[in-house]
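K.L.:
Have a look at the structure that comes next, please.
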Amino acid sequence: MITLKEVWKIFSPDPQATLSAARQDDIDGKTLKQQSATIAVRNVDLAVTPGELLCVMGLSGCGKSTLIRLVNRLLTPTSGQVLIGDSDIGRLNTAQLRRLRSQDIGMVFQSHGLIGHLSVRDNVALPLEIQRIPRHQREDRADELLQRTGLGGLGDRNVSSLSGGMQQRVGLARALAADPGILLMDEPFSALDPLIRRELQDEFGRLSRDLGKTTLFITHDVEEAFRIADRVALMRAGRIVQLGKPQELVDAPADDYVARFVEPYRTTPEQPPLRMVQ
Ligand SMILES: Nc1ncnc2c1ncn2[C@@H]1O[C@H](COP(=O)(O)OP(=O)(O)OP(=O)(O)O)[C@@H](O)[C@H]1O
(Lines give C-alpha, C1' and ligand atoms only; values in the text may rest on other atoms or scores of the structure.)
Protein backbone atom coordinates (compact mmCIF):
# COMPACT_ATOMS: atom_id res chain seq x y z
CA MET A 1 0.00 0.00 0.00
CA ILE A 2 2.85 2.38 0.90
CA THR A 3 6.19 1.43 -0.61
CA LEU A 4 9.52 3.19 -0.38
CA LYS A 5 12.22 1.94 -2.74
CA GLU A 6 15.83 2.91 -2.14
CA VAL A 7 14.79 6.33 -0.91
CA TRP A 8 17.36 8.99 -0.04
CA LYS A 9 16.67 12.49 1.18
CA ILE A 10 19.63 14.79 1.44
CA PHE A 11 19.55 18.40 2.57
CA SER A 12 22.61 19.98 1.04
CA PRO A 13 23.63 22.84 -1.26
CA ASP A 14 24.41 20.11 -3.82
CA PRO A 15 22.32 17.05 -2.92
CA GLN A 16 23.33 14.99 -5.97
CA ALA A 17 27.05 15.43 -5.24
CA THR A 18 26.47 14.46 -1.59
CA LEU A 19 24.41 11.49 -2.77
CA SER A 20 27.06 10.10 -5.07
CA ALA A 21 29.72 10.48 -2.38
CA ALA A 22 27.45 8.81 0.20
CA ARG A 23 26.68 5.94 -2.17
CA GLN A 24 30.39 5.23 -2.46
CA ASP A 25 30.74 5.58 1.29
CA ASP A 26 33.09 8.42 0.52
CA ILE A 27 31.87 11.09 2.90
CA ASP A 28 32.26 11.32 6.65
CA GLY A 29 30.41 13.29 9.30
CA LYS A 30 33.01 16.05 9.38
CA THR A 31 32.82 16.63 5.62
CA LEU A 32 29.02 16.63 5.74
CA LYS A 33 29.19 19.31 8.40
CA GLN A 34 31.68 21.38 6.40
CA GLN A 35 29.36 21.18 3.40
CA SER A 36 26.26 21.97 5.52
CA ALA A 37 24.84 18.67 4.31
CA THR A 38 22.54 16.25 6.14
CA ILE A 39 21.60 12.78 4.98
CA ALA A 40 18.17 12.68 6.60
CA VAL A 41 16.97 9.45 4.93
CA ARG A 42 19.57 6.98 3.72
CA ASN A 43 18.62 4.29 1.24
CA VAL A 44 15.37 3.24 2.90
CA ASP A 45 13.26 0.34 1.66
CA LEU A 46 9.95 0.00 3.43
CA ALA A 47 6.55 -1.50 2.66
CA VAL A 48 3.49 -0.85 4.78
CA THR A 49 0.99 -3.56 3.89
CA PRO A 50 -2.77 -2.95 3.54
CA GLY A 51 -4.45 -2.61 6.93
CA GLU A 52 -1.15 -2.58 8.80
CA LEU A 53 -0.21 -0.16 11.58
CA LEU A 54 3.52 0.39 11.21
CA CYS A 55 5.40 2.59 13.67
CA VAL A 56 8.66 4.28 12.72
CA MET A 57 10.50 5.04 15.93
CA GLY A 58 13.83 6.60 16.72
CA LEU A 59 15.53 9.41 18.54
CA SER A 60 15.19 13.07 17.65
CA GLY A 61 16.91 13.89 14.35
CA CYS A 62 17.03 10.32 13.02
CA GLY A 63 14.86 11.21 10.01
CA LYS A 64 11.34 10.15 11.03
CA SER A 65 9.52 13.36 10.06
CA THR A 66 11.45 13.58 6.81
CA LEU A 67 10.37 10.04 6.00
CA ILE A 68 6.67 10.71 6.57
CA ARG A 69 6.85 13.97 4.58
CA LEU A 70 8.22 12.00 1.65
CA VAL A 71 5.08 9.83 1.71
CA ASN A 72 2.69 12.76 1.16
CA ARG A 73 5.23 14.50 -1.08
CA LEU A 74 5.65 17.50 1.14
CA LEU A 75 9.25 16.57 0.32
CA THR A 76 10.59 14.88 -2.80
CA PRO A 77 13.29 12.23 -2.54
CA THR A 78 16.82 13.06 -3.67
CA SER A 79 16.74 9.56 -5.12
CA GLY A 80 14.37 6.59 -5.04
CA GLN A 81 10.64 6.07 -5.37
CA VAL A 82 7.60 6.39 -3.14
CA LEU A 83 4.53 4.43 -4.23
CA ILE A 84 0.96 4.55 -2.96
CA GLY A 85 -0.59 1.37 -4.26
CA ASP A 86 0.91 1.08 -7.72
CA SER A 87 1.22 4.78 -8.30
CA ASP A 88 4.61 6.51 -8.14
CA ILE A 89 3.75 9.75 -6.35
CA GLY A 90 6.74 11.47 -7.91
CA ARG A 91 4.89 11.29 -11.24
CA LEU A 92 1.59 12.81 -10.10
CA ASN A 93 0.56 16.15 -11.53
CA THR A 94 -0.77 18.93 -9.29
CA ALA A 95 -4.43 17.85 -9.55
CA GLN A 96 -3.60 14.20 -8.86
CA LEU A 97 -1.43 15.18 -5.91
CA ARG A 98 -4.24 17.32 -4.48
CA ARG A 99 -6.60 14.36 -4.80
CA LEU A 100 -4.08 12.06 -3.12
CA ARG A 101 -3.74 14.41 -0.16
CA SER A 102 -7.43 15.20 0.20
CA GLN A 103 -8.97 11.78 -0.48
CA ASP A 104 -6.44 8.99 -0.15
CA ILE A 105 -4.37 10.15 2.81
CA GLY A 106 -5.45 11.45 6.22
CA MET A 107 -2.84 13.22 8.29
CA VAL A 108 -2.55 13.95 12.00
CA PHE A 109 0.35 15.92 13.44
CA GLN A 110 1.42 16.92 16.91
CA SER A 111 0.30 20.48 16.22
CA HIS A 112 -3.07 19.46 14.86
CA GLY A 113 -3.65 22.59 12.76
CA LEU A 114 -7.31 22.95 13.69
CA ILE A 115 -9.04 26.20 12.84
CA GLY A 116 -9.66 27.94 16.15
CA HIS A 117 -12.66 30.04 15.21
CA LEU A 118 -14.62 27.16 13.66
CA SER A 119 -16.84 24.71 15.51
CA VAL A 120 -15.70 21.17 16.17
CA ARG A 121 -18.11 19.90 13.50
CA ASP A 122 -16.91 22.38 10.86
CA ASN A 123 -13.28 21.45 11.54
CA VAL A 124 -14.04 17.76 11.03
CA ALA A 125 -16.09 18.48 7.90
CA LEU A 126 -13.43 20.69 6.32
CA PRO A 127 -11.89 18.04 4.00
CA LEU A 128 -15.41 17.32 2.71
CA GLU A 129 -16.13 21.00 2.18
CA ILE A 130 -13.00 21.18 0.05
CA GLN A 131 -14.45 18.30 -1.97
CA ARG A 132 -17.70 20.31 -2.28
CA ILE A 133 -19.79 17.67 -0.53
CA PRO A 134 -23.22 19.19 0.32
CA ARG A 135 -23.50 20.70 3.80
CA HIS A 136 -26.02 18.27 5.36
CA GLN A 137 -24.06 15.28 4.07
CA ARG A 138 -20.72 16.49 5.43
CA GLU A 139 -22.29 17.45 8.76
CA ASP A 140 -23.81 13.97 9.12
CA ARG A 141 -20.43 12.43 8.37
CA ALA A 142 -18.72 14.75 10.87
CA ASP A 143 -21.24 13.83 13.58
CA GLU A 144 -20.74 10.13 12.89
CA LEU A 145 -16.96 10.52 13.23
CA LEU A 146 -17.29 12.62 16.38
CA GLN A 147 -19.29 9.77 17.85
CA ARG A 148 -16.60 7.25 16.86
CA THR A 149 -13.80 9.33 18.33
CA GLY A 150 -15.54 9.87 21.67
CA LEU A 151 -16.70 13.41 20.98
CA GLY A 152 -20.41 12.75 20.40
CA GLY A 153 -22.56 15.81 21.15
CA LEU A 154 -19.66 18.27 21.03
CA GLY A 155 -20.05 19.29 17.39
CA ASP A 156 -21.30 22.80 18.17
CA ARG A 157 -18.49 23.63 20.59
CA ASN A 158 -15.76 26.01 19.55
CA VAL A 159 -12.70 23.90 18.92
CA SER A 160 -10.42 26.14 20.98
CA SER A 161 -12.54 25.48 24.07
CA LEU A 162 -11.49 21.80 24.10
CA SER A 163 -8.61 20.21 26.01
CA GLY A 164 -5.44 19.11 24.17
CA GLY A 165 -6.55 15.46 24.18
CA MET A 166 -9.97 16.34 22.79
CA GLN A 167 -8.43 18.56 20.11
CA GLN A 168 -6.27 15.64 19.05
CA ARG A 169 -9.45 13.55 18.74
CA VAL A 170 -10.92 16.27 16.51
CA GLY A 171 -7.73 16.12 14.40
CA LEU A 172 -8.18 12.38 14.08
CA ALA A 173 -11.87 12.68 13.17
CA ARG A 174 -10.93 15.25 10.52
CA ALA A 175 -8.25 12.94 9.11
CA LEU A 176 -10.89 10.21 8.79
CA ALA A 177 -13.56 12.45 7.25
CA ALA A 178 -12.81 11.68 3.59
CA ASP A 179 -12.46 7.97 4.45
CA PRO A 180 -8.86 7.74 3.24
CA GLY A 181 -7.22 4.34 2.99
CA ILE A 182 -4.02 5.69 4.52
CA LEU A 183 -3.32 7.51 7.77
CA LEU A 184 -0.07 9.36 8.38
CA MET A 185 0.48 10.19 12.03
CA ASP A 186 3.48 12.29 13.06
CA GLU A 187 3.89 12.16 16.85
CA PRO A 188 0.17 12.90 17.27
CA PHE A 189 0.03 12.20 21.01
CA SER A 190 3.46 13.45 22.12
CA ALA A 191 2.23 16.68 23.66
CA LEU A 192 -0.40 14.99 25.81
CA ASP A 193 0.00 13.95 29.41
CA PRO A 194 0.74 10.25 29.94
CA LEU A 195 -2.71 9.05 31.02
CA ILE A 196 -4.56 10.74 28.16
CA ARG A 197 -1.82 9.63 25.78
CA ARG A 198 -2.24 5.96 26.69
CA GLU A 199 -6.00 6.22 26.44
CA LEU A 200 -5.73 7.71 22.95
CA GLN A 201 -3.10 5.18 21.87
CA ASP A 202 -5.40 2.30 22.80
CA GLU A 203 -8.44 3.87 21.19
CA PHE A 204 -6.51 4.81 18.08
CA GLY A 205 -5.07 1.30 17.70
CA ARG A 206 -8.59 -0.16 17.88
CA LEU A 207 -10.10 2.41 15.55
CA SER A 208 -7.39 2.10 12.93
CA ARG A 209 -7.83 -1.68 12.84
CA ASP A 210 -11.64 -1.59 12.94
CA LEU A 211 -11.63 0.77 9.98
CA GLY A 212 -8.96 -1.24 8.14
CA LYS A 213 -6.66 1.77 7.66
CA THR A 214 -3.08 1.45 6.52
CA THR A 215 -1.17 3.55 9.02
CA LEU A 216 2.34 4.95 9.17
CA PHE A 217 2.83 6.26 12.68
CA ILE A 218 5.90 8.21 13.78
CA THR A 219 7.03 8.26 17.37
CA HIS A 220 10.17 8.71 19.46
CA ASP A 221 8.55 6.65 22.21
CA VAL A 222 9.30 2.93 22.22
CA GLU A 223 6.47 2.29 24.69
CA GLU A 224 3.99 3.94 22.34
CA ALA A 225 5.30 1.99 19.36
CA PHE A 226 5.13 -1.32 21.20
CA ARG A 227 1.67 -0.56 22.49
CA ILE A 228 0.01 0.05 19.13
CA ALA A 229 2.14 -1.29 16.28
CA ASP A 230 1.79 -4.42 14.19
CA ARG A 231 5.42 -3.85 13.16
CA VAL A 232 8.01 -1.28 14.10
CA ALA A 233 10.92 0.15 12.12
CA LEU A 234 13.72 1.53 14.25
CA MET A 235 15.59 4.38 12.56
CA ARG A 236 19.06 5.62 13.31
CA ALA A 237 20.85 8.37 11.40
CA GLY A 238 18.54 8.05 8.39
CA ARG A 239 18.65 4.25 8.14
CA ILE A 240 16.17 1.63 9.22
CA VAL A 241 18.27 -0.55 11.47
CA GLN A 242 15.57 -3.12 12.15
CA LEU A 243 12.02 -3.80 11.02
CA GLY A 244 9.84 -6.39 12.65
CA LYS A 245 7.15 -7.20 15.16
CA PRO A 246 7.82 -5.68 18.59
CA GLN A 247 8.58 -9.09 20.07
CA GLU A 248 11.07 -9.82 17.27
CA LEU A 249 13.07 -6.72 18.13
CA VAL A 250 13.09 -7.80 21.76
CA ASP A 251 13.98 -11.43 21.07
CA ALA A 252 16.50 -10.86 18.28
CA PRO A 253 17.80 -7.28 18.20
CA ALA A 254 19.83 -6.64 15.05
CA ASP A 255 22.63 -4.90 16.96
CA ASP A 256 23.56 -3.31 20.29
CA TYR A 257 21.73 -0.12 19.44
CA VAL A 258 18.43 -1.96 18.99
CA ALA A 259 19.15 -4.02 22.10
CA ARG A 260 19.60 -0.84 24.16
CA PHE A 261 16.41 0.63 22.73
CA VAL A 262 14.29 -2.37 23.69
CA GLU A 263 16.11 -3.07 26.95
CA PRO A 264 13.08 -2.23 29.15
CA TYR A 265 11.15 -4.99 27.41
CA ARG A 266 13.70 -7.75 27.77
CA THR A 267 12.55 -10.20 30.37
CA THR A 268 14.59 -11.64 33.15
CA PRO A 269 13.42 -14.47 35.43
CA GLU A 270 12.47 -11.87 38.07
CA GLN A 271 10.76 -9.61 35.58
CA PRO A 272 7.57 -10.82 33.88
CA PRO A 273 6.94 -9.71 30.27
CA LEU A 274 5.22 -6.37 29.90
CA ARG A 275 1.66 -6.39 28.70
CA MET A 276 2.21 -4.15 25.71
CA VAL A 277 4.75 -6.42 24.06
CA GLN A 278 2.77 -8.36 21.46
N1 LIG B 1 14.58 21.40 5.67
C2 LIG B 1 15.70 20.93 6.20
N3 LIG B 1 16.89 21.48 5.88
C4 LIG B 1 18.05 21.01 6.41
N5 LIG B 1 18.11 19.96 7.27
C6 LIG B 1 16.95 19.39 7.62
C7 LIG B 1 15.69 19.83 7.12
N8 LIG B 1 14.70 19.06 7.65
C9 LIG B 1 15.32 18.18 8.46
N10 LIG B 1 16.66 18.36 8.44
C11 LIG B 1 17.67 17.57 9.16
O12 LIG B 1 17.46 16.22 8.82
C13 LIG B 1 17.67 15.38 9.96
C14 LIG B 1 16.43 14.56 10.22
O15 LIG B 1 15.40 15.44 10.66
P16 LIG B 1 13.92 14.93 11.00
O17 LIG B 1 13.12 16.14 11.40
O18 LIG B 1 13.42 14.11 9.90
O19 LIG B 1 14.20 14.02 12.28
P20 LIG B 1 13.17 13.46 13.34
O21 LIG B 1 13.60 12.08 13.65
O22 LIG B 1 11.77 13.65 12.86
O23 LIG B 1 13.46 14.40 14.58
P24 LIG B 1 12.40 15.07 15.59
O25 LIG B 1 11.78 13.94 16.34
O26 LIG B 1 13.26 15.95 16.44
O27 LIG B 1 11.43 15.84 14.73
C28 LIG B 1 18.03 16.31 11.11
O29 LIG B 1 19.43 16.36 11.20
C30 LIG B 1 17.48 17.65 10.67
O31 LIG B 1 18.23 18.71 11.22
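The values are calculated or read from the model by the stated rules, or taken from the named source; none is laboratory data. Predicted model, so just to flag it, every value in this text is computed and none were measured. Virtual Cβ from ideal backbone geometry, glycine too; neighbours counted across all protein chains shown. SASA here: full protein model, heavy atoms, side chains in, ligands and nucleic acids out. Shrake-Rupley method; radii C 1.70, N 1.55, O 1.52, S 1.80 Å.
K.L.:
I want to confirm something. Restricting to the range 253-268 and keeping residues that are within 18 Å of Met235 (Cβ to Cβ) and part of a loop (DSSP other than H, G, I, E, B), which single residue is modelled with the lowest pLDDT?
P.N.:
The residue in question is Val262.
K.L.:
Can you find even one residue in the range 89-105 that is within 16 Å of the ligand (Cβ to nearest atom) and either at positive phi or assigned to a loop (DSSP other than H, G, I, E, B) (or both)?
P.N.:
Within the range 89-105, none of the residues are within 16 Å of the ligand (Cβ to nearest atom) and either at positive phi or assigned to a loop (DSSP other than H, G, I, E, B) (or both).
K.L.:
So, of the residues in the range 60-88 that are more than 10 Å from the ligand (Cβ to nearest atom) and among the hydrophobic types (A, V, I, L, M, F, W, C), which turns out to be surrounded by the fewest Cβ atoms within 10 Å (Cβ to Cβ)?
P.N.:
Among those that are more than 10 Å from the ligand (Cβ to nearest atom) and among the hydrophobic types (A, V, I, L, M, F, W, C), it is Leu74.
K.L.:
Six or more apart or on different chains, Cβ atoms under 6 Å: show the pairs whose first residue is in the range 186-211 and farther than 16 Å from Gly150 by Cα and whose second is in a loop (DSSP other than H, G, I, E, B).
P.N.:
If the second residue must be in a loop (DSSP other than H, G, I, E, B), the pairs left are Glu187/Gln110; Ser190/Gln110; Ala191/Gln110.
K.L.:
Here's something else I'd like to know. Quick check on this structure: which one of Ser12, Ser20 is of a type in the set (Ser, Thr, Tyr) and within 12 Å of the ligand (Cβ to nearest atom)?
P.N.:
Exactly one residue qualifies, and that residue is Ser12.
K.L.:
Next question, about the same structure. Run down Asp202, Asp230, Asp221, Asp210 and say which single residue is open to solvent by 10 Å² or more (accessible area, probe 1.4 Å) and within 13 Å of the ligand (Cβ to nearest atom).
P.N.:
When all the criteria are applied, what remains is Asp221.
K.L.:
Look at the range 117-161 and say how many of its residues are under 24 Å from the mean Cα position of the chain (by Cα) and at positive phi.
P.N.:
1
K.L.:
Identify, please: which residue in the range 29-59 is of a type in the set (Gly, Ala, Ser) and outside any loop (DSSP other than H, G, I, E, B) and is, among those, farthest from the ligand (Cβ to nearest atom)?
P.N.:
Per the criteria, the residue is Ala47.
K.L.:
So, of the residues in the range 14-58 that are touching a strand residue (DSSP E or B) at 6+ places or on another chain (Cβ under 7 Å) and either of a type in the set (Lys, Arg) or open to solvent by 40 Å² or more (accessible area, probe 1.4 Å) (or both), which turns out to be farthest from Pro246 (Cα to Cα)?
P.N.:
Thr38
K.L.:
Would you pick out the residues in the range 128-177 that are among the polar types (S, T, N, Q) and in contact (Cβ under 8 Å) with a residue 40 or more places away in the chain?
P.N.:
Answer for the range 128-177, where residues must be among the polar types (S, T, N, Q) and in contact (Cβ under 8 Å) with a residue 40 or more places away in the chain: Gln131, Thr149, Asn158, Ser160, Gln167, Gln168.
K.L.:
Gln110 - would you say it is within 16 Å of the ligand (Cβ to nearest atom) and at negative phi?
P.N.:
So Gln110 passes the test.
K.L.:
Of all the residues that make up the range 158-199, how many are surrounded by 16 or more Cβ atoms within 10 Å (Cβ to Cβ) and in a loop (DSSP other than H, G, I, E, B)?
P.N.:
Of the residues in that region, 9 qualify.
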